[in-house]
Each structure stands twice: as C-alpha cells, then as structure tokens.
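**Q** Take this structure first; my questions come after.
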Amino acid sequence: MGRVLIVSNRLPVSVSATPDGSLSFSRSVGGLATGMASLDSSDQLWIGWPGLPSDHVDADQQRQIEQRLAEEHCRPVWLSRTQVEDYYDGFSNKTIWPLFHYFPLYCIYEPHLWRAYQEVNERFARVVCEMAQPDDTIWVHDYQLMLLPRLLREHLPDAAVGFFLHIPFPSYELLRLLPWRRDLLDGMLGADLVGFHEYDYVRHFLSSAHRITGHEHVLGTLSVANRPVRVDAFPMGIDYDAFARAAARPQIQENIQTLRRRFGTGRTIVSIDRLDYTKGILHRLEAFDWLLSCRPEYRGTVSLVLVAVPSRTNVPRYQELRTRIEHLVGRINGAYGTLRWTPIHYLYRSLPFEELVALYRIADVALITPLRDGMNLVAKEYVASQEETGGHGVLILSEMAGAASELSEAIIVNPHDKHQVVEALHRALEMPAAERRHRNEQMQQRLRRYTVRRWAADFVESLAEVKARQAQLALRRITPELRDQVVEAYRGATRRLILLDYDGTLVHFFPRPEQARPDAGLQEMLRALASDRRNTVVVISGRDRETLQSWLGELPIHLVAEHGNWTRRRDGDWQCIENHGHDWKGTLRPILERYVDRTPGAFIEEKDFSLVWHCRRSEPDLAHLRIQELRAAILPLTENLNLGVFEGSKILEVKSIAAHKGSATEAWLHEEPWDFVLAAGDDYTDEDMFAALGDNAMSIKVGRGASHARFSVDTVEAMRDLLERLTRA
Ligand code: GDG
C-alpha cells in the first residue's frame, strides 16, 4: 500500500512570524490535529494551510518554511490573507459552520465568499495532484474542503479518495437553505468513501443526496456516475492511553497536586471548549448561576473552571460571544464570590497538555453541554482520564453531541433545559462513588477499544474495500480492447442474433414514458444493423405493443412487447404468446389508483397483460414508501393468479409470470444455430434474458450492480457507441 495523504484546512504544525521577522513553529490545537497526531506518520504526507498568509512571508521564508515542514511530513498550501478571510473566516465559518450546527440565522450567503471557497478548494486540488502518486490513499478532512473530492476525481479518476466530515451533517430542511447545496453534495460524492461521526449524519446525508442529486442508496452505497460510493459512520476515538496513563508522568502529578492545594476540600466542575457559540457556554453559565441561586449549599464549596480556548477570533460573532461570556462570568463572580471563594475560574487560553489532563483528573464533574457538536472529544478524554483516579468524576453530556450515542452512561441532558442541567449537576455532585465508578468503567471499556488509531485504520481499510469492490466491477466493464474483440467476433460471424432492451439501454429514462421516443440517430443505427442480412435484430421490451409499433414499426427489426407476451416478426403481425387473461386488472386497478391519488406525481400505465405504477416524478422518499405500501397491499390479492409484483426503477409492475424475457429469449435462441449472440439490457427484467443465454453470448448490462450479464458498459451512450461500431464493421 502507498502513502496516506491527509488533506485538511490546517496542518498539524502552525507557523507564525514574530515581530522581528523570525519564524516559529508549533503544533496546533483542535480535534483533528489532536486525533491524527497519534497516527504513525512515517508513511504519511499532510497537506494543508500552515497558518500564515502567503503575503506575510517573502520567497526566502516560504522556502525555509517548506523545508522545515517537509521534515515533519507536511506540505503547505499557500493562501493569501484575502483568501483566508473569504474562504475560512468567510464561507467556511459564516456559512457552512452555522448552517451545519443548526444556527441558520447566523448564516450569510455571499456569492463572493462562495467563489473564494471554490478557488481555495481548487488550489488544494492542484497541490494534492502535484504530490499524489498512483498508490496513495487520499484522505480529505472536513467542511472547509467539501468540493475537493470531486476536483480530485476529475484529475485523478482512479485515485482512492476518502472524505470525513468532523461536524454534524444537518437535516435536508437545513441544507436546502444553502444556494450551493448541490455543489457541496457533488463535491463530497467525488470521494469513494464518505464518513461521518454518527449514523444520524449518515441518514441526513443520504436523504439529502437522494432529494437534491437524485442518487439512491442501497445499504449505504450510492452509484455516482456508475462508481460505487460508500457512506458510513466512523465515530472518532481518542488516544486512550495518553489520557488514561498520564498521571504516571511526574509533571502531571505535580500539576494535580498544585490544583488540589488550590481548590482544597472544595469540589470542581470543569468546562473546556473552543470559544464557540455551538458549545453552549452561555447556557452552561446560566445553569451554574441557577444552581448557586436555588441550592445555596453549594456556595463556597463548588467552583466552575471554565476554559475557553480562543478560536476564529477574526469572526465578529466570536468576538461578541467572548464579550458576553466575560460579562456573565463577571456578574456571577460579583454576585456570589467571597474573599475566600471564587465561583468561576475563567481562562481564555489554550492549556498545555500537562495542565489539561491534570484538570480532567481533579474535576469532580465535567459539564459538557454543546448545543450541537459533531462528536466532542473533550468528553471522551475526560472519561479516559478518570481511569486511575480514586475519585471517579461524573460526566454530564449534551444529547446534541455526537459522543452522546457512545457515552450513554453519562448523565445526558438537553442543554436548552436549564432545569434539567441544574438537576444533573446536583445529581452528579451527590452521586455515590460506586455508581460513578461503574458508569465510567462501562464507557472506558468502549473508548479503550475504538481509539483514534482504530478509527483511522478502520476508515482507511474501509476505503480499500470500496476500491476492491470497484475493481471487481470494473473487471467486467467493456474496455476499448474488449470492444475491439467484440467487433472482431461480429465481423467473423454469419448468423448473428442481437437482442436489445429499449428503455435504459438504447434511450435514457424520461419523467414520462411517452417522452422516450427514439431519436433519428437511433432509428438510423437500428436500420443499418438490421439491413445486414446476416443479422437478426430484436427489440425486446416491457413496453406495450402499440408504442413499440408506432415508434419502431417501420424498421426492419423484430419486436417483443410486454416482456414476451407479444411478438411481431419483421413485416408480420403481432402474435400473443399466451393469453392468460386480464380480468385481474379490474380488481387491482382501483388500488393502484388510490395510491396515485395519495402520491403527487404518480400515474398508472396500462398494458395488455400488466399494470405499472410509476413514481419517477414524485418526491423520492414518499415514492419509496408508497412502493413498499402498495406492494404489501397488492401481494395478498395476486396469490393463485399467476401474477408477479416487480419493483423496477421508480415503478411497481404487476404482470403475468407466464411470459418473460427469458422465455422469449429461449424461443429466439432455438430458431437458428447462431454463431454470434449479443444481448443488452439494464434492469431486473433483462436478468431473465441474461440468465437464459449461455456463456458464449455477449451479454451486456448497461449500468452497474449485480447481474447475470458477462459484461457491462456504464451508459446508454457507451452501448450505442458499441452498436454503431458493429454497423461499420
Ligand atoms: C471538531 C468538531 C469533533 C481543547 N482545549 C485544549 C485542548 N483541547 C483539545 C481537546 C480535544 C480537542 O482540542 C477539541 O476537540 P473537540 O472534539 O472537543 O472539539 P472541536 O475543536 O470543535 O472539533 C468536534 C472534532 O472536530 C473531531 O472530529 O469532535 O465535534 O467540532 O482533543 O483535548 N488541548 C490542549 N489544551 C487546551 O486548552 N492541549
């Protein structure tokens, strides 16, 4: 296996320039940097923005930075100050971030910010393409780079590209507000594997992809331009041992002792996040205020340590929030503080790891109540840090954090329910030691297994599986060489049978079936094929005979209608293969009609021996639901009637099972000792045809997916191109 290229907005190493012009390098804080740092970096290359705008450094410094970063397996993507403002502070953090965290009123939709976002994603694409080698796995991270997978796909069609979103994926109702929703989805779908922290986000993504791009999934796999794309949940873990075993380190022991001396016998509640409105810091402060107000027994004995790590300080919302937090902290401290006791210890800075862990260790309660959070690693780190302490602190966690589904033994709260949060604090402060220990052990067991290493390995392995599956499917795909062999075999044969399905094989699907008329090019091609006397050309379709007659009746070809119920030989009349009656239609039609009335966009197509319920123009989720309901309603009525109920592409068809494309195919096969048989089709009814053919036939499925066909082409165009070549052979 080749290298893993990690692509993210920021590199794990930040560069800054001091006023005297010298450069300083430091490791960045943040969920992703913290997580990926624990991976083995010898076979990695990390590509991202180094944290310093390109217009702040001269060419010499850029070279110096590049050299130093190369030693750390990093490659910078240079962005100007304006680009950073518009793409990062702008579109990423004023549009996507608030929208995806359910703050639509905070969103701005500015075309020039969107253009900057596109431009920077393109710039990233250029750097990745420059660096990528054929065996590399490219792993793109997060909401700043949602267009990148598709851009990479355009330049590196076969590359293994994974995309992981670290923030929530919102419900369709939120996503649809964004003017560029389709571009973002298409961008992500350029990946082979799209990962989220939680199954809820997977659900929202699949539903949006379906409604906005029309792609349907089967068990979490979509087919995008005939490329299987898998969508799945990978809940990010932490470097468990780094937190669980930290207390053994002397520096941390010393910090723990210092903090213990500082807080004495009093108890501490800890709150740590980036200073961000999604983290619910104000709500949390209000709850603490309320706790002190309605439970005076905690005054003087319980303190809140509030660490707010500076974040996105150029964005006005964040500046305002900081002011409000500091105001509220001041008010609470002013109202309840005494000379001996400070209710809230407020720190606006990032702590060194050794202080962070010491704080986790001594805190009796961690109050982590985001209003919305993709995962929240602080919650997991806190639980891991309790492993070797006698105390066993209690985690209070918001149900709006992705981590809540894994940490169900925490006290789970709705952060908007102040009363519930206050109750949770009281419960946590009074919880017996045995219960605290028991709850933590359950959570620790889980966190110990699915660490950040497992998470990363799991993602990369799953991506490899998707690539392997794609390779398997590609084996059957008709390559230019294979196509030439087909043409050669055709040229050498004198008795050729050509069986062609119509919709989805020779023409595309249209919203209404009557729109799929054959174009002039198709008619000409079929005429040319059929006019070779060595060829027998049969269009074998599920359509009714009137339609086939009026569309293709003038051509010198044979027609099979209604999946084999009717046959019309070239220049002959329509023959009914088996008249098995259609009285059943009177019983079933009213049921189908009732489902038409309840499903906007649906309609019924009636053929001699079948009824088809169409829903291509209906809202996709409703259509899916109605097909299931209709099938359940009809099935009991079709027993003993020799009828089958079949689900096709946006249709449900009730038809006789006496005749099908398989029996029709067999009849044609027995007509002559053919020396060349080609059959093409795209859906489940064509599978009967493929199954009836032997291994010597050229059976071709148009599209992907499991099939009895030996070969496949991706599109109607590719199928027609092959047939065109036969006419010229
Ligand atoms: C995003 C998503 C998702 C924090 N303060 C200090 C410090 N940290 C470290 C923590 C933790 C990380 O930063 C924060 O990660 P979170 O997951 O809590 O939150 P976000 O930064 O918002 O991360 C989030 C995450 O991506 C991963 O996918 O979970 O939902 O929003 O690791 O330890 N580290 C140090 N000092 C601090 O003061 N050393």
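The values are calculated or read from the model by the stated rules, or taken from the named source; none is laboratory data. None of these values were measured; they are calculated from a predicted model. Quick reminder, even Gly has a Cβ in these numbers, built from the backbone with ideal geometry, and neighbours come from all protein chains shown. Ligands, DNA and RNA are excluded from the accessible area calculation, which covers all protein heavy atoms including side chains. Shrake-Rupley method; radii C 1.70, N 1.55, O 1.52, S 1.80 Å.
**Q** For region 331-368: of the residues being away from the ligand (no atom under 12 Å from the Cβ), assigned to a loop (DSSP other than H, G, I, E, B) and free of Cβ contacts under 8 Å to residues at least 24 places away in the same chain, which is nearest to GLU297 (Cα to Cα)?
**A** GLY337
**Q** Now a separate question. For region 209-231, which positions are within 10 Å of the chain's Cα centre (by Cα) and over 21 Å from ALA706 (Cα atoms)?
**A** Within region 209-231, ALA209 is the sole residue that qualifies.
**Q** Please tell me if ALA225 is within 16 Å of the ligand (Cβ to nearest atom) and surrounded by fewer than 19 Cβ atoms within 10 Å (Cβ to Cβ).
**A** Answer is no for this residue.
**Q** Of all residues in region 399-419 being in a helix (DSSP H, G or I) and more than 16 Å from the ligand (Cβ to nearest atom), which is surrounded by the fewest Cβ atoms within 10 Å (Cβ to Cβ)?
**A** Ranking the qualifying residues of region 399-419, first place goes to HIS419.
**Q** Does ARG569 satisfy the criteria of being in contact (Cβ under 8 Å) with a residue 40 or more places away in the chain and either closer than 17 Å to ALA680 by Cβ or open to solvent by 30 Å² or more (accessible area, probe 1.4 Å) (or both)?
**A** Here the answer is no, as ARG569 does not meet what is asked.
**Q** In the set ALA489, ALA456, ALA434, which member is in the same structural domain as VAL702 (by TED's automatic domain parsing) and of a type in the set (Gly, Ala, Ser)?
**A** When all the criteria are applied, what remains is ALA489.
**Q** Also, quick follow-up: Of these, LEU652, LEU643, LEU630, LEU635, which one is touching a Leu at 6+ places or on another chain (Cβ under 9 Å) and farther than 30 Å from SER171 by Cβ?
**A** None of the others qualify; the one that does is LEU643.
**Q** Just to be sure I understand the filter: pairs with C-beta atoms under 7 Å, separated by 6 or more residues or on different chains, first member in region 256-282 and assigned by TED's automatic domain parsing to the domain that holds PRO343 and open to solvent by 50 Å² or more (accessible area, probe 1.4 Å), second member part of a helix (DSSP H, G or I) and within 16 Å of the ligand (Cβ to nearest atom). Which pairs pass?
**A** Qualifying pairs under 7 Å: ARG260/ILE362.
**Q** Please specify each residue of region 194-216 satisfying the condition of being more than 16 Å from the ligand (Cβ to nearest atom) and outside any helix (DSSP H, G or I).
**A** The answer is GLY214, HIS215, GLU216.
**Q** Let me ask something else about it. If I ask for residues that are near the ligand (Cβ under 9 Å from one of its atoms) and open to solvent by less than 10 Å² (accessible area, probe 1.4 Å), which ones from region 369-381 would you list?
**A** The answer is PRO370, GLY374, MET375, ALA379, LYS380.
**Q** In the set ALA366, ALA335, which member is open to solvent by 50 Å² or more (accessible area, probe 1.4 Å) and at negative phi?
**A** Result: ALA335 is the single residue among ALA366, ALA335 that is open to solvent by 50 Å² or more (accessible area, probe 1.4 Å) and at negative phi.
**Q** Any idea which residue in region 492-539 is surrounded by the most Cβ atoms within 10 Å (Cβ to Cβ), counting only those that are in contact with a Pro (Cβ under 7 Å, 6 or more places away or on another chain) and hydrophobic (A, V, I, L, M, F, W, C)?
**A** Here the residue is ALA530.
**Q** Could you tell me whether ILE396 is without any contact (Cβ under 8 Å) to a residue 40 or more places away in the chain, open to solvent by 10 Å² or more (accessible area, probe 1.4 Å), touching a strand residue (DSSP E or B) at 6+ places or on another chain (Cβ under 8 Å) and outside any helix (DSSP H, G or I)?
**A** Criteria not met by ILE396.
**Q** Ok, one more. Output the residue which, of all residues in region 699-708 that are touching a residue at least 40 places away in the same chain (Cβ under 8 Å) and touching a helix residue (DSSP H, G or I) at 6+ places or on another chain (Cβ under 6 Å), is least open to solvent (accessible area, probe 1.4 Å).
**A** VAL702
**Q** Of ARG81, ARG27, which residue is within 27 Å of TYR318 (Cα to Cα), open to solvent by 60 Å² or more (accessible area, probe 1.4 Å) and at pLDDT 95 or above?
**A** Selected residue: ARG81, the only one of ARG81, ARG27 that is within 27 Å of TYR318 (Cα to Cα), open to solvent by 60 Å² or more (accessible area, probe 1.4 Å) and at pLDDT 95 or above.
**Q** Six or more apart or on different chains, Cβ atoms under 6 Å: show the pairs whose first residue is in region 307-330 and more than 16 Å from the ligand (Cβ to nearest atom) and whose second is part of a helix (DSSP H, G or I).
**A** Sorted first by the residue in region 307-330, then by its partner, the pairs are ASN314/ASP89; LEU328/LEU285.
**Q** A further question on this structure: With respect to the numbered conditions (1) without any contact (Cβ under 8 Å) to a residue 60 or more places away in the chain; (2) crowded, with 21+ Cβ neighbours inside 10 Å; (3) within 16 Å of the ligand (Cβ to nearest atom), which one is the sole condition not fulfilled by LEU285?
**A** Of the numbered conditions (1) without any contact (Cβ under 8 Å) to a residue 60 or more places away in the chain; (2) crowded, with 21+ Cβ neighbours inside 10 Å; (3) within 16 Å of the ligand (Cβ to nearest atom), the odd one out for LEU285 is (3).
**Q** Which residue, of PRO296, PRO343, is surrounded by fewer than 16 Cβ atoms within 10 Å (Cβ to Cβ), at pLDDT 95 or above and over 35 Å from the mean Cα position of the chain (by Cα)?
**A** PRO296
Residue by residue, here is whether (1) farther than 22 Å from VAL77 by Cα; (2) of a type outside the set (Asp, Glu); (3) at pLDDT 95 or above; (4) within 16 Å of the ligand (Cβ to nearest atom) holds:
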position: ASP136; (1), (2), (3), (4): no, no, no, no
position: VAL140; (1), (2), (3), (4): no, yes, yes, yes
position: MET146; (1), (2), (3), (4): no, yes, yes, yes
position: PRO168; (1), (2), (3), (4): yes, yes, yes, yes
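**Q** Out of the residues in region 420-461 that are farther than 12 Å from HIS392 by Cα and in a loop (DSSP other than H, G, I, E, B), state the one that is least open to solvent (accessible area, probe 1.4 Å).
**A** THR451
**Q** I'm trying to understand the selection: among the residues of region 411-429, which are polar (S, T, N, Q) and more than 30 Å from the chain's Cα centre (by Cα)?
**A** Once the filter is applied, which keeps residues that are polar (S, T, N, Q) and more than 30 Å from the chain's Cα centre (by Cα), region 411-429 yields only GLN420.
**Q** Give the residue that is nearest to GLY214 (Cα to Cα), with candidates limited to residues of region 133-182 that are among the aromatic types (Phe, Trp, Tyr) and open to solvent by less than 30 Å² (accessible area, probe 1.4 Å).
**A** PHE169
**Q** Additional query: If you take the residues in region 539-590 that are part of a helix (DSSP H, G or I) and in contact with a Gly (Cβ under 9 Å, 6 or more places away or on another chain), which one is farthest from VAL645 (Cα to Cα)?
**A** Applying the filter and picking the extreme gives GLY564.
**Q** Could you please tell me which pairs satisfy a Cβ distance under 7 Å, a separation of 6+ or placement on different chains, a first residue in region 369-386 that is assigned to a loop (DSSP other than H, G, I, E, B), and a second residue that is within 8 Å of the ligand (Cβ to nearest atom) and basic (Lys, Arg)?
**A** Pairs that qualify, where the first residue is assigned to a loop (DSSP other than H, G, I, E, B) and the partner is within 8 Å of the ligand (Cβ to nearest atom) and basic (Lys, Arg), are PRO370/LYS279.
**Q** Cβ-Cβ under 6 Å, sequence separation 6+ or interchain: first residue in region 671-683 and over 18 Å from SER541 (Cβ atoms), partner among the charged types (D, E, K, R). Which pairs?
**A** GLU672/ARG495; TRP674/ARG495; ASP675/ARG495; PHE676/ARG496
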